[in-house]
Amino acid sequence: MRDLPPATPFDDDKLKEECGVFGVIGVADAANFIALGLHALQHRGQEAGGIVTYDRDAGFQSARRFGYVRDNFTSQKVMETLPGPIGIGHVRYSTAGTKGNTAIRDVQPFFGEFAMGGAAIAHNGNITNADALRRELIERGSIFQSSSDSECIIHLMARSLQRNIPERMKDALRRVEGAFSVVAMTRTKLIGVRDPRGVRPLVLGKLGDGGYALSSETCALDIIGAEFVREIEPGEMVVISDGKVESSKPFEACQSRFCIFEHVYFSRPDSILEGRSVYETRRQIGVELAREAPVDADLVCPVPDSGTPAAIGYAFESGIPYGMGIIRNQYMGRTFIEPSEQIRNMGVRLKLNVNRALIRDKRIILVDDSVVRGTTSRKIKDMLLDAGAAEVHFRIASPPTMWPCFYGVDTPDRDKLLAAQMTVEEMRTHLDVDSLQFISLDGLYRAAGVAEGRDNAAPRYCDACFSGEYPVVPSDMIEKGFQLKDAAE
């Protein structure tokens with residue numbers, strides 16, 4: 001059992017969300033709708049955001065900023081620079097390119113000027129053969145402006161011989177491996193595409209008479225008053241113009257493998273995924289967890305906010321009372337980006353505080369969505385014991401995270417994942433808790449609506465972070481030395 005590299009006191013020990021994409025067409029002042037949509041998708045990326053619009057008089061206009069949507073795209077001065085009835089937007093958490101040292105040129109959407117006119121794209125996901133594509137494109141004369149894998153799509157489109165933007169995009173995306181949900185635009189068309197396995201989400205909404213929206217999640221449709229029409233299907237491209245939606249399937253058909261962690265953590269609980277309420281799936285995860293891993297205790301408490309629905313389900317199924325034993329500070333904001341040493345030592349207490357009167361002398365079942373490095377879990381356990389809890393039992397609403405994701409999630413290297421280095425009992429000892437149990441992969445599938453559990457021969461979801469079974473070979477990472485499950489074992 002190896003010692004894990006230390007994490008910073010502000011590491012919240014979560015897998016970082018991928019990115020969020022949003023686009024609208026057929027509305028006045030599209031940028032205002034996009035800003036609202038991106039605000040609803042802020043949980044998918046807090047590092048930076050960008051908007052591109054088109055207006056007949058002003059042409060293509062763009063604004064890209066670091067930080068939150070609310071801090072950048074609520075000013076009238078900025079929004080007035082983004083006129084037009086069509087536009088797309090993106091919120092970023094870097095999963096490729098210069099992580100933690102992002103340049104403004106890495107912030108999407110990306111724009112390209114082609115012979116038949118300009119086009120902009122915003123991409124959620126990760127291209128697993130981006131390094132090979134980039135080398136090939138540079139050797140053939142392409143000049144890259146960013147470190148983002150998404151820019152490969154623009155250069156591939158530029159080299160296509162097709163006569164319109166949608167067909168060039170099809171050509172480009174047929175060369176791409178990995179996961180992608182793309183929202184793109186021309187002067188007159190809004191385009192949405194999902195990769196053949198549908199790893200990342202993308203939905204279609206209708207807005208008034210002739211207006212449409214594309215979004216990573218349904219919660220962003222709600223904020224602009226759009227009607228949810230349907231999900232874009234895996235391997236589908238939709239082209240929206242003149243109030244009409246045209247659909248095609250430009251890729252070779254294959255089994256869909258939607259990311260199961262969208263159900264566990266990434267998506268907002270008020271979104272709908274695959275026809276299911278995310279909240280209800282997470283509540284059902286708690287029900288399954290209570291069946292699989294019961295324990296005598298006095299109180300079920302969530303680690304807010306991501307563990308709340310599962311804790312509610314656990315309490316319901318077990319009959320043990322539910323209580324808010326930990327309270328989240330909603331207003332931490334960015335005040336403590338560079339804290340003093342004294343404040344830095346407070347660690348997780350800046351974000352979470354124990355409800356002492358509720359948990360004193362009680363045996364606590366603490367429900368969280370995942371354990372990645374385990375750093376925050378240990379701090380929360382210490383806080384509960386310091387406040388007088390008699391026992392602390394961890395119940396985790398996902399299986400052990402043992403493998404990194406290469407499809408758009410910023411996962412630590414495998415040697416930094418606690419479950420990749422330790423057995424569950426070793427993890428329990430490391431966290432110093434009275435008991436530790438994770439939901440099984442079958443239980444997770446049942447909670448997501450697959451009654452028979454996981455079909456090991458043909459899994460319904462992408463669950464590579466738990467199983468090590470990657471639906472698309474991560475060729476760039478293998479070239480850098482990453483070993484797949486069979487080789488690692």
Look at the stretch 327-351 and say how many of its residues are open to solvent by less than 100 Å² (accessible area, probe 1.4 Å), outside any helix (DSSP H, G or I) and at pLDDT below 85. 8
How many residues are assigned to a loop (DSSP other than H, G, I, E, B) and either closer than 19 Å to residue 379 by Cβ or open to solvent by less than 10 Å² (accessible area, probe 1.4 Å) (or both) if we restrict to the stretch 308-326? 3
Residue that is least open to solvent (accessible area, probe 1.4 Å) [pool: residues in the stretch 390-429 that are of a type in the set (D, E, K, R) and modelled with pLDDT under 95]: 410
Could you identify the single residue in 61, 145 that is open to solvent by 10 Å² or more (accessible area, probe 1.4 Å), in contact with a helix residue (DSSP H, G or I) (Cβ under 9 Å, 6 or more places away or on another chain), of a type in the set (S, T, N, Q) and at pLDDT below 95? 145
Can you tell me which condition residue 222 does not meet? The list is (1) touching a Lys or Arg at 6+ places or on another chain (Cβ under 8 Å); (2) in contact (Cβ under 8 Å) with a residue 60 or more places away in the chain, and all the others hold. (1)
Could you identify the single residue in 156, 137, 161, 133 that is aliphatic (A, V, I, L, M) and open to solvent by 60 Å² or more (accessible area, probe 1.4 Å)? 161
Yes/no for residue 113 being free of Cβ contacts under 8 Å to residues at least 40 places away in the same chain, open to solvent by 50 Å² or more (accessible area, probe 1.4 Å) and farther than 24 Å from residue 203 by Cα: yes
Within the stretch 359-452, helices (runs of 4 or more DSSP H) holding 1 or more residues that are on the phi < 0 side of the Ramachandran plot and touching an Asp or Glu at 6+ places or on another chain (Cβ under 6 Å): 375-386, 441-447
Looking at the stretch 227-277, which of the residues that are part of a helix (DSSP H, G or I) and in contact with an Asp or Glu (Cβ under 7 Å, 6 or more places away or on another chain) is most open to solvent (accessible area, probe 1.4 Å)? 265
If residue 205 meets every condition in (1) within 19 Å of residue 236 (Cα to Cα); (2) in contact with an Asp or Glu (Cβ under 7 Å, 6 or more places away or on another chain); (3) modelled with pLDDT under 95; (4) small (Gly, Ala, Ser) apart from one, which number is that one? (3)
Given the conditions (1) out of contact with any helix residue (DSSP H, G or I) (no Cβ under 8 Å at 6 or more places or on another chain); (2) open to solvent by 60 Å² or more (accessible area, probe 1.4 Å); (3) without any contact (Cβ under 8 Å) to a residue 24 or more places away in the chain; (4) not in a helix (DSSP H, G or I), report the number of the one that residue 469 does not fulfil. (1)
Do we find that residue 313 is modelled with pLDDT under 95 and either among the aliphatic types (A, V, I, L, M) or within 28 Å of residue 440 (Cβ to Cβ) (or both) in this structure? no
Quick test of your reading of the structure: residue 479 fulfils all but one of (1) within 22 Å of residue 282 (Cα to Cα); (2) open to solvent by 40 Å² or more (accessible area, probe 1.4 Å); (3) at pLDDT below 95. Name the failing condition by number. (1)
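The values are calculated or read from the model by the stated rules, or taken from the named source; none is laboratory data. This one's a predicted model, so the numbers in the text were calculated from it and none came from an experiment. Cβ sites come from the backbone with ideal geometry, for glycine too, and all protein chains shown count toward neighbours. Accessible surface is based on the protein model in full, side chains and every heavy atom, while ligands, DNA and RNA are left aside. Shrake-Rupley method; radii C 1.70, N 1.55, O 1.52, S 1.80 Å.
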